[in-house]
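Report on the following structure.
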Amino acid sequence: MEDFALILLGYLLGSIPTAYLAGRLLRRVDLRQWGSRTISATMVYYHVARWALLPVGLLDVLKGAAPALLAMSLGRPRSVAVAAGLAAVLGHNWPLFLGFHGGRGLGPFLGWLGVLFPPGALWILGGLAIGRGLRLTAVTALLAIAALPGFVLLLNGPSEVAAGALGMLGITVVKRLEANREPLPVDPGERRRVLWRRLWLDRDVASWEAWMFRRPGRP
């Protein structure tokens, strides 16, 4: 029962839509209608206030770190800490308080890794940094997550963390393809192209600028 409560707490913490709240409080915008329409610190940076990226990002990281840290501090098995942290990622991606319209879960996942396997957090941050330099952040983020289970095992990290990293890969793929229920094209060929872009580029169109700077009412 205690383990279930910790996992449920992780999901509820993850469901707190920090980026959405920042948009509402600072600029009175609904991030579900702007840019990529994800509830993320990145959208706060581009559509709310650049300075808010840091506090929103840190709060998202804390959402994943807190349930994992709490489980470990209570002496629960590492597997429970892994599950509680992944539950926070699920809450962030499909938040109960926002109609299950969320982000991509990297912030909570970094917090989870920071508690359970810090080298893994550095691995993901390195992938993001390389992607930033190449302007292929979505691609390198996916590749870094996909390679993380092997990286954990290579460093003799906990098998529970490797399993959790594999779970994060599955969550990432599902969330990118689901894309907060963005409608898919009717044409089968174009639908396949959109799904391919969603998986690798985390967007529906070829142009990053066109996707990131959409405004309400625009497809």
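The values are calculated or read from the model by the stated rules, or taken from the named source; none is laboratory data. All values derive from a computational prediction rather than experimental measurement. Cβ sites come from the backbone with ideal geometry, for glycine too, and all protein chains shown count toward neighbours. SASA here: full protein model, heavy atoms, side chains in, ligands and nucleic acids out. Shrake-Rupley method; radii C 1.70, N 1.55, O 1.52, S 1.80 Å.
Computed values, structure above
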item	result
Selected from M72, M168, M43 as most flexible by GNM, with the chain as the system and alpha-carbon contacts under 10 Å	M72
Angle in degrees between helix 137-154 and the longest Cα principal axis of the chain, rounded to the nearest 10	20
Evaluated at q = 0.13, 0.23 Å⁻¹: base-10 log I(q)/I(0), Debye formula over Cα of the range 131-219	-0.54, -1.14
Folded to 0 to 90 degrees: helix 118-134 orientation relative to the chain principal axis, Cα	20
Degrees separating the helix 188-201 axis from the principal Cα axis of the chain, which is the longest one	50
Among [x] 17.5; [y] 19.4; [z] 18.0, the entry derived from the coordinates for Kirkwood radius over Cα pairs in Å	[x]
Listed residues W51, W208, W34, most fluctuating in the chain (Gaussian network, C-alpha, under 10 Å)	W51
For the range 51-187: relative contact order, % (alpha-carbon pairs under 8 angstrom, 6 or more apart)	22
Inverse mean reciprocal Cα-Cα distance (Kirkwood Rh) of the range 100-183, Å	13.1
Per residue accessible area in Å² of the chain, where ligands, DNA and RNA are left out and the probe is 1.4 Å	49
Sorted largest first, extent of the range 24-140 alpha carbons per principal axis (Å)	42, 35, 22
Of A52, L25, G99, farthest towards positive along the dipole that unit charges on Lys, Arg, Asp, Glu beta carbons give the range 16-102	L25
Whole-number Å³ per residue for the convex hull built on Cα positions in the range 100-147	79
Accessible surface ranking that places the most exposed of V82, V174 first, with a 1.4 angstrom probe	V174, V82
Solvent-accessible area, 1.4 Å probe, carbon plus sulfur percent, for the chain	69
